[in-house]
1. Please find, among 274, 314, the residue that is surrounded by 22 or more Cβ atoms within 10 Å (Cβ to Cβ) and either farther than 22 Å from residue 257 by Cα or out of contact with any strand residue (DSSP E or B) (no Cβ under 9 Å at 6 or more places or on another chain) (or both).
2. Pull out all pairs, ordered by first then second residue, where Cβ-Cβ is under 6 Å, the residues are six or more apart or on different chains, the first lies in the stretch 200-215 and is over 17 Å from residue 143 (Cβ atoms), and the second is in a loop (DSSP other than H, G, I, E, B).
3. Considering only residues of the stretch 185-202 that are surrounded by fewer than 19 Cβ atoms within 10 Å (Cβ to Cβ) and over 15 Å from the mean Cα position of the chain (by Cα), which is farthest from residue 295 (Cα to Cα)?
4. Would you confirm, using the coordinates I've provided, whether residue 218 is surrounded by fewer than 17 Cβ atoms within 10 Å (Cβ to Cβ) and either assigned by TED's automatic domain parsing to the domain that holds residue 312 or not in a helix (DSSP H, G or I) (or both)?
């Protein structure tokens with residue numbers, strides 16, 4: 001009888017302990033489902049990247065995607081006075097189009113018809129790259145870092161991947177950004193065609209994605225992760241370049257600097273040629289001429305020059321394509337200059 005009572009007491013105790021364990025386990029949160037958004041899975045990280053840059057000290061030293069709103073509103077036109085002539089005295093103070101928020105604001109935070117009236121405008125954060133395109137590598141960057149135009153207040157992307165193809169698309173639609181204030185020529189303002197230029201370069205042909213150079217892998221203990229401090233490859237030349245290139249850092253840097261110097265020199269010569277063409281056209285027009293051919297050539301020269309300049313890589317993305325476009329820009333500009341001079345003689 002004594003043993004039976006002991007066995008019953010042990011059974012009751014085991015039942016009570018088991019009940020407590022089941023309840024305790026039931027309170028443990030389950031792993032988030034695959035359908036949960038990035039912000040739901042990582043709320044702390046997402047909140048940090050959606051904060052204004054001034055709140056997060058990590059963004060104080062060098063600018064990044066968290067500055068996407070501030071950079072749009074603080075961007076200053078090119079300081080080179082030649083660009084004022086080339087772009088036709090583009091007004092410095094003008095309303096910001098709402099279409100800019102397509103890329104410069106976090107998804108779902110630009111719900112208004114006016115740029116400055118948009119509610120809850122927030123800079124870019126994690127979900128804007130991680131949830132829009134998954135892991136499609138360069139396509140993540142292509143969704144913003146490419147040429148675009150504005151139609152019905154929204155950003156739209158032209159057909160074609162080269163400057164020539166995009167120019168043909170704009171010509172077929174009669175698209176232009178504005179009319180040159182001095183000559184009356186159509187101005188096609190290139191935005192930031194980094195993806196188009198990259199697509200024509202050696203890295204794209206070798207299968208290298210944007211993140212491979214601008215966000216190279218780094219070691220965090222035993223883990224290999226992508227460096228999210230998106231920056232120039234030369235800032236991390238060891239991880240961004242030497243993991244593929246078999247030369248010394250000094251030789252590689254010298255080669256990059258040579259490419260940049262050659263592109264910069266061609267840019268300067270193209271700018272001079274285009275300014276000379278604009279001067280010649282205005283002189284011809286003042287004399288009563290109507291140099292229609294010269295105006296078309298001016299547009300072609302300006303577009304090619306601006307396509308390379310707006311890429312901002314100084315030829316790094318596509319050295320040969322940059323040189324080709326600048327050579328054509330110089331040629332078209334000199335043709336425009338001659339056409340203007342001939343029209344003034346007639």
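The values are calculated or read from the model by the stated rules, or taken from the named source; none is laboratory data. Remember, predicted model here, so these are calculated numbers, not experimental data. Positions of Cβ are backbone-derived with ideal geometry, glycine not excepted, and every protein chain shown enters the neighbour counts.
1. Values: 314 fails: surrounded by 22 or more Cβ atoms within 10 Å (Cβ to Cβ).
Step by step, each of 274, 314 is checked, and only 274 is surrounded by 22 or more Cβ atoms within 10 Å (Cβ to Cβ) and either farther than 22 Å from residue 257 by Cα or out of contact with any strand residue (DSSP E or B) (no Cβ under 9 Å at 6 or more places or on another chain) (or both).
2. 200/318; 201/317; 201/318
3. Out of the qualifying residues, it is 202.
4. Yes: the conditions hold for residue 218.
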